[in-house]
1. Looking only at the range 33-44, count how many residues are surrounded by 12 or more Cβ atoms within 10 Å (Cβ to Cβ) and either more than 21 Å from the chain's Cα centre (by Cα) or assigned to a helix (DSSP H, G or I) (or both).
2. Confirm whether residue 78 is without any contact (Cβ under 8 Å) to a residue 12 or more places away in the chain, out of contact with any helix residue (DSSP H, G or I) (no Cβ under 6 Å at 6 or more places or on another chain) and under 30 Å from residue 24 (Cα atoms).
3. Taking the range 75-86 as the search range and keeping residues that are within 8 Å of the chain's Cα centre (by Cα) and over 10 Å from residue 99 (Cα atoms), which one is surrounded by the fewest Cβ atoms within 10 Å (Cβ to Cβ)?
4. Identify, please: which residue in the range 45-97 is assigned to a loop (DSSP other than H, G, I, E, B) and either assigned by TED's automatic domain parsing to the domain that holds residue 13 or in contact with a strand residue (DSSP E or B) (Cβ under 6 Å, 6 or more places away or on another chain) (or both) and is, among those, nearest to residue 20 (Cα to Cα)?
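The values are calculated or read from the model by the stated rules, or taken from the named source; none is laboratory data. The structure displayed is predicted, hence computed values, not measured ones. Heads up, the Cβs are rebuilt from the backbone with ideal geometry, glycines too, and the neighbour counts pull from every protein chain shown.
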């Protein structure tokens, strides 16, 4: 049996996930919705620089971000903020990093 999700109306995986995040059921006829892979992006900060500074970037350049090192990080699925967290040492990956959930803020509930 295939791991692909069968949909009605041609809904993409992204559309189904967006519907679920907004509190929906993913649409009628969708099977295995809980098995869909979801990419989570963790944002640690942002900076605004001029085009001139952008062109001057080189190896070892440090870009100062607008956030502090102790500030919570933003956790996204697509362009939707779903949680806040803090960076931690990963438990199953030597020298890796992970994120500890501090606040769930963008998952739909019925």
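1. Selection size over the range 33-44: 1.
2. no
3. Start the filter on the range 75-86 by keeping residues that are within 8 Å of the chain's Cα centre (by Cα), which leaves 75-82.
Okay, now just the ones that are also over 10 Å from residue 99 (Cα atoms), so 76-82.
On the way: 76: 15, 77: 19, 78: 14, 79: 7, 80: 15, 81: 13, 82: 19.
Per the stated criteria, the residue is 79.
4. 72
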